[in-house]
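Just so it is clear, none of the values below were taken in a lab; they were calculated from the coordinates. The structure displayed is predicted, hence computed values, not measured ones. Neighbour counts run over all protein chains shown; Cβ positions are idealised from the backbone, glycine included.
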Number of protein chains: 2
Amino acid sequence: MRFEVPGFLANGISSGIKRGKRKDLALIYSETPAIISAVFTQNRVKAAPVLVSMDRVKKQMTRAVIVNSGNANACTGKAGISDACKMANIAAKEMKIDDELVLVASTGVIGERLPTERITENIPRLVEGLNPFGIPSAAEAILTTDTFPKIAFCKEKIGKKEVSICGIAKGAGMIMPNMATMLAFVLTDAAIETDALEEIFKEGIESSFNSISIDGETSTNDMAMILANGRADNPVITRYSKNIGRFSEMVFDILVRLAKMIVKDGEGATKFVEIRVINAREYHEAKKVAFNVANSNLVKTAFWGEDCNWGRIVSAIGASGVDIAADRINISFEDAMVVKDGVGTEKEQEEKAQKTMKKREFKVEIDLNCGSSKARVFTTDLSHEYIDINANYRT
Amino acid sequence: MRFEVPGFLANGISSGIKRGKRKDLALIYSETPAIISAVFTQNRVKAAPVLVSMDRVKKQMTRAVIVNSGNANACTGKAGISDACKMANIAAKEMKIDDELVLVASTGVIGERLPTERITENIPRLVEGLNPFGIPSAAEAILTTDTFPKIAFCKEKIGKKEVSICGIAKGAGMIMPNMATMLAFVLTDAAIETDALEEIFKEGIESSFNSISIDGETSTNDMAMILANGRADNPVITRYSKNIGRFSEMVFDILVRLAKMIVKDGEGATKFVEIRVINAREYHEAKKVAFNVANSNLVKTAFWGEDCNWGRIVSAIGASGVDIAADRINISFEDAMVVKDGVGTEKEQEEKAQKTMKKREFKVEIDLNCGSSKARVFTTDLSHEYIDINANYRT
């Protein structure tokens with residue numbers, strides 16, 4: 001498959017930030033101004049590139065994004081801000097576009113100054129290599145300890161025109177040592193109004209990147225964005241046009257595919273588990289319960305041990321802060337209901353659940369029986385390897 | 001040392017709930033009615049003994065507490081409530097005291113019915129063996145996967161009378177598999193008014209049992225209580241008497257000693273770390289930041305790996321939800337300040353901190369520089385052993 005989105009060029013190269021010859025510098029370029037919607041980390045400590053990009057996206061218009069891996073440019077003070085601007089501005093100059101239309105992102109080690117010299121001297125080569133099929137090399141250049149590049153692509157007719165969407169992503173929820181973490185860039189040639197794009201993207205983020213958990217950490221560098229350059233020439237999608245539903249589904253599909261890849265590539269992960277909470281009073285309560293279960297070390301170690309320890313799940317539900325009725329909880333591991341009305345069921349159900357847990361991927365459904373809202377979160381197990389990777393990362 | 005508190009008798013025996021001949025049934029008895037203050041788990045899913053005891057402590061008066069280990073009597077529905085009452089009521093009958101003055105606690109596996117027959121047939125022997133020096137055997141009988149019994153004792157003059165306090169405790173914050181967890185019983189012969197006892201105990205709990213973290217879990221069975229029988233015959237301590245300060249200090253000392261023992265005995269723990277947050281705007285904000293750092297898997301694995309990975313601490317501070325100023329944060333590992341104004345200091349400081357981390361016990365101080373409130377939390381590292389213990393507990 002060719003990961004190509006008309007009007008977008010991309011490239012990824014090695015600039016020597018990372019050891020060896022691994023790619024560590026990526027550039028995405030839109031031939032015409034693209035409208036943009038973006039979300040940034042909720043962490044109060046925001047890395048310099050996050051602060052710079054947050055400011056620049058206010059224009060709701062962009063031309064390019066430059067990204068480095070290997071260094072997060074976080075906890076670097078005012079010097080870090082100046083480094084981030086320098087990196088973006090030199091790229092802008094090389095591409096002959098307005099500074100303010102270049103966004104910047106970083107991921108890697110926290111607390112070290114960005115090697116701006118190495119970056120700036122490689123920018124001409126980075127720009128020169130921009131090409132329509134460069135998205136996979138950009139996807140590779142944004143990785144840190146990820147074990148595979150994450151790309152999702154789809155192309156469909158909206159009205160009579162073909163619309164493409166391609167997304168790339170890296171890392172997950174500060175799963176990495178002092179790596180700073182989740183980045184996602186989604187490109188589309190759809191013609192769409194800013195308001196509509198904003199609405200779709202925020203909704204899509206909620207059920208994708210905001211519904212995954214590796215270890216419950218939030219990094220200083222997270223950012224996700226969508227760029228739309230209108231090149232497909234479809235009738236412009238607005239909040240009221242009938243095509244918006246189809247386009248939303250395409251975006252959601254890309255975001256969920258990327259989010260799942262991130263969870264599957266979680267540090268030390270051997271299981272991929274969907275925690276589904278149903279019949280909650282409110283959506284936010286369903287999600288809070290799902291996250292409390294998904295983030296519980298005890299639940300996650302039980303997943304790793306393939307032990308159907310439902311007592312821990314019940315306890316995590318109860319500790320979520322959501323006002324639930326203990327005697328109404330049902331818990332199922334796929335088709336095996338191990339808890340009914342808050343009490344354990346027959347041993348056969350537990351044995352059946354135990355078999356389900358041997359699989360690489362499975363679902364846990366929690367029925368709160370107190371309303372009609374639902375939410376789902378994707379999570380992993382907690383293994384020895386997580387600890388090994390995280391205990392001695394820097395040494 | 002003889003752990004004796006005048007007017008209190010205790011005993012601990014093996015009744016066959018646990019495998020082998022390990023003690024699993026404890027009884028504490030006060031020769032005269034004792035006033036009581038108690039706190040119970042905040043988990044919405046409360047084990048049967050918690051529900052029964054919560055109801056009975058409303059009388060603010062008690063005569064005895066019966067405790068079993070090996071079975072939590074949690075997620076057992078109405079049958080569980082009836083089992084808990086039965087256990088307490090048969091003990092009451094045997095001691096010839098009012099049912100309502102007997103409290104009950106359980107700890108152990110969640111989701112299995114209590115073996116009430118085994119318990120009730122052993123109650124006569126349990127009551128018969130009550131004796132003034134039985135506190136250590138009770139301390140032993142309440143343990144689950146703890147590696148040592150936890151007892152703290154002090155005796156001091158209040159006015160002209162000697163006052164004794166002895167506390168026993170087990171387990172910590174749902175560190176155990178599907179074990180349900182933290183129990184503490186403190187006995188004193190002080191004469192004190194109920195209001196004063198309540199105030200002191202609640203304050204003491206806040207800075208002891210509510211300031212420790214093993215893995216951030218909250219169990220279905222936690223309870224802590226203090227019983228005061230007035231046998232010391234001291235002038236009754238009220239909220240306004242000058243002796244209240246001295247007595248508070250004694251209680252706080254016992255509670256903190258027990259809390260520290262629990263952390264030191266945390267599953268798989270190889271480090272004991274005090275996280276101290278200073279110069280926060282509010283106490284609750286200081287505590288929230290301290291807990292977010294203390295509960296972070298990334299911070300805890302770095303402690304285990306003896307890696308001074310301060311970027312993770314900064315990130316955990318930022319992700320705590322407290323509104324902090326990133327450029328004012330200072331972080332010190334004892335006398336080595338590794339972060340100043342949100343930015344890393346010289347390499348020598350980090351090397352010094354690295355040495356500190358080799359110790360079994362050390363302190364991390366986080367200065368938020370935005371107020372004058374402070375809080376401290378005791379925590380541990382996250383090791384392979386934690387995962388081993390928790391992955392396959394039941395098999």
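Would you mind checking which residues have amide H under 5 Å from residue B:150's amide H? H placed 1.01 Å from N; only 5 or more apart, or other chain.
The list, which skips near neighbours in sequence, is B:169.
Please report the base-10 log of the normalised intensity I(q)/I(0) for the stretch A:8-264, using a Debye sum with one equal scatterer per alpha carbon and no solvent, at each q in 0.10, 0.13, 0.14, 0.16 (1/Å).
-0.42, -0.73, -0.86, -1.14
Taking a point 7 Å out from Cα toward Cβ as the label site, list the nm distances between residue B:59 and the same residue in every other copy, smallest first.
7.5
May I ask you to compute the full-extension gain from residue B:195 to residue B:162, defined as 0.36 nm times their residue separation minus their alpha-carbon distance, rounded to one decimal in nm?
Numbers: separation 33, 0.36 × 33 = 11.88 nm, distance 2.17 nm.
Difference between extended and current length: 9.7 nm.
Remind me, what semi-axes does the stretch B:211-342 give for its equivalent ellipsoid, largest first in whole Å, using sqrt of 5 times each Cα gyration tensor eigenvalue?
Taking √(5λ) for each eigenvalue gives 34, 19, 14 Å, largest first.
What residues have an amide H closer than 5 Å to that of residue B:104, excluding those fewer than 5 places away on the same chain, when H is modeled at 1.01 Å from N in the peptide plane?
Answer set, sorted by chain and number: B:53, B:66.
Tell me which GluC sites (Glu not before Pro) from the stretch B:263-332 have a DSSP coil assignment and no more than 14 other beta carbons within 10 Å of their own. Each step should come with its number before you reach the end.
Numbers: sites: B:267, B:274, B:282, B:285, B:306; in loops: B:267, B:282, B:306.
Hits after loop and neighbour filter: B:282.
Towards the positive end of the charge dipole of the stretch A:272-391, with charges on Cβ (+1 Lys, Arg; -1 Asp, Glu), say which of A:314, A:278, A:330 has the farthest Cα.
Result: A:278.
Need one number: nm distance between label points at residue B:354 and residue B:59, each 7 Å from Cα along Cα→Cβ, rounded to one decimal.
Going by the 7 Å Cα→Cβ label model, 6.2 nm.
Do the sum for chain B: with -39,500 (n - 2.57) for every DSSP H run of n ≥ 4, divided by all residues, what is the mean residue ellipticity at 222 nm, to the nearest 500 deg cm²/dmol? List each step's numbers first, then the result.
Details: 11 runs with 129 residues, N = 395.
-10000 deg cm²/dmol, from helical runs alone.
P(r) of the stretch A:272-391 in 5 Å steps, Cα pairs, percent per bin?
That works out to 2, 13, 23, 26, 19, 11, 4, 2, 0, in percent per bin.
From the backbone phi of the stretch B:248-259, what are the Karplus-calculated ³J(HN,Hα) couplings (6.51 cos²θ - 1.76 cosθ + 1.60, θ = phi - 60°) in whole Hz, Gly and Pro given as x?
Ordered by residue, 3J(HN,Hα) equals 4, 4, 4, 5, 4, 4, 4, 5, 5, 4, 5, 4 Hz.
May I ask for the net charge around residue A:367, where only other residues with Cβ less than 12 Å from the Cβ of residue A:367 are counted and Lys, Arg are +1 while Asp, Glu are -1? Numbers along the way, then the final one.
Numbers: positive: A:276, A:328, A:340, A:374; negative: A:341, A:365.
Taking every Cβ under 12 Å from that of residue A:367, the sum is +2.
What is the set of long-range amide H partners of residue B:212 at a cut-off below 5 Å, with H atoms built 1.01 Å from backbone N?
Residues meeting the criterion, in which the H sits 1.01 Å from N, are B:378.
What is the distance, in nm, between label points placed 7 Å from the Cα along the Cα-to-Cβ direction at residue A:131 and at residue A:361?
Each label point is offset 7 Å from its Cα along the Cβ direction, giving 3.3 nm.
Given the pairs B:260/B:300; B:157/B:260; A:340/A:363; A:157/A:242, which span a C-alpha to C-alpha distance of over 20 angstrom in this model?
Working: B:260/B:300 17 Å; B:157/B:260 25 Å; A:340/A:363 17 Å; A:157/A:242 14 Å.
The pairs that break the limit, which is 20 Å between Cα atoms, are B:157/B:260.
Pairing the Cα long axis of helix A:347-356 with the longest principal axis of chain A, what angle in degrees results, from 0 to 90 and rounded to the nearest 10?
So the inclination is approximately 20 degrees.
Per residue of A:40-53, how many C-beta atoms from partner chains lie within 10 Å of its own C-beta, taken as a mean? All intermediate terms of the calculation are to be shown ahead of the outcome.
On the way: counts 0, 3, 3, 9, 13, 14, 2, 2, 0, 0, 0, 1, 0, 0.
Mean partner shielding for this stretch: 3.
Which of B:122, B:247, B:48 sits farthest toward the positive end of the charge dipole of the stretch B:8-264, with +1 on the Cβ of Lys and Arg and -1 on the Cβ of Asp and Glu?
Result: B:122, furthest along the dipole toward the positive end.
What number in nm² do you get for the stretch B:1-129 if you take the convex hull of its Cα atoms and divide its surface by four? Mind dumping the intermediate values first?
Working: hull surface 32.7 nm².
Average projection, Cα convex hull of the stretch B:1-129: 8.2 nm².
If you draw the axis that swings chain A onto chain B, which residue of A has its Cβ closest to it, and how far is that in whole Å?
Residue with the nearest Cβ, plus whole-Å distance, for chain A: A:384, 3.
Which distances in nm, rounded to one decimal and ordered from shortest, link the label point of residue B:335 to the equivalent label points in the other identical copies, with labels set 7 Å from Cα toward Cβ?
With the label placed 7 Å along Cα→Cβ, residue B:335 yields 6.8 nm.
Note the distances from residue A:162 to each other copy's matching label point, with points 7 Å along the Cα-to-beta-carbon direction, in nm, sorted shortest first.
Ordered by distance, the counterparts are at 9.3 nm.
Where Lys and Arg each count +1 and Asp and Glu each count -1, what net charge lies around residue A:83 among other residues with Cβ under 14 Å from its Cβ?
Values: positive: A:78, A:86, A:113, A:118; negative: A:112, A:117.
So the environment of residue A:83 carries a net charge of +2.
With axes computed from alpha carbons, what is the tilt in degrees of helix B:116-128 against the longest principal axis of chain B, rounded to the nearest 10 within 0 to 90?
80
So what's the gap between the Cα centers of the stretch B:264-343 and the stretch B:75-135, to the nearest angstrom?
42
Suppose every K and R has +1 on its Cβ and every D and E has -1 on its Cβ; what is the size of the dipole of the stretch B:272-391 about the Cα centre, in Debye to the nearest 20?
On the way: 17 positive and 20 negative charges, 54 e Å.
Roughly 260 debye for the stretch B:272-391.
Sum up the charges of everything whose Cβ sits under 11 Å from the Cβ of residue B:232, counting Lys and Arg as +1 and Asp and Glu as -1, but leave residue B:232 out. Don't skip to the end; give the middle numbers.
Working: positive: B:155, B:157, B:160, B:161, B:231; negative: B:156, B:162, B:189, B:233.
Taking every other residue near residue B:232 into account, the sum is +1.
Per 5 Å bin, what percent of the C-alpha pairs of the stretch B:186-279 does each bin hold, from zero upward?
2, 11, 21, 21, 15, 12, 9, 6, 2, 0
Taking 7 Å along the Cα-to-C-beta vector as the label spot, tell me the residue A:279-residue A:384 distance in nanometres, rounded to one decimal.
4.1
Calculated FRET efficiency, residue A:203 and residue A:148, Cβ-Cβ r, R0 25 Å, to nearest 0.05?
Working: r = 27 Å, r/R0 = 1.10.
Taking R0 as 25 Å, the efficiency between residue A:203 and residue A:148 is 0.35.
For the protein assembly as shown, what are Rg and Dmax over the alpha carbons, in angstrom?
Rg and Dmax of the protein assembly as shown, Cα atoms, are 29.2, 96 Å.
Rounded to whole Hz and in sequence order, give me ³J(HN,Hα) for the stretch A:31-41 from the Karplus expression 6.51 cos²θ - 1.76 cosθ + 1.60, θ = phi - 60°, writing x for Gly and Pro.
Each residue of the stretch A:31-41 in turn: 5, 10, x, 10, 7, 9, 10, 9, 10, 10, 3 Hz.
Which of B:26, B:164, B:194 sits closest to the plus end of the dipole of the stretch B:8-264, meaning its Cα is farthest towards the positive end, when Lys and Arg get +1 and Asp and Glu get -1 on the C-beta?
Towards the positive end, the residue furthest out is B:26.
Short version: ³J(HN,Hα) in whole Hz for each residue of the stretch B:8-17, in order, from phi by Karplus 6.51 cos²θ - 1.76 cosθ + 1.60 (θ = phi - 60°), x for Gly and Pro, what are they?
Ordered by residue, 3J(HN,Hα) equals 10, 10, 8, 6, x, 9, 9, 10, x, 6 Hz.
State, in angstrom, two size descriptors of the stretch A:45-85 derived from its alpha carbons: Rg to one decimal place and Dmax to the nearest whole number.
Looking at the stretch A:45-85, its Cα Rg and Dmax stand at 10.5, 29 Å.
Under unit Cβ charges (Lys, Arg +1; Asp, Glu -1), what dipole magnitude, rounded to 20 debye, does chain B have relative to its Cα centre? Working shown, then result.
Details: 52 positive and 52 negative charges, 145 e Å.
Charge dipole of chain B: 700 debye, to the nearest 20.
GNM, chain A, Cα, under 10 Å: largest mean-square fluctuation among A:228, A:190, A:325?
Sorting by GNM fluctuation, first place goes to A:325.
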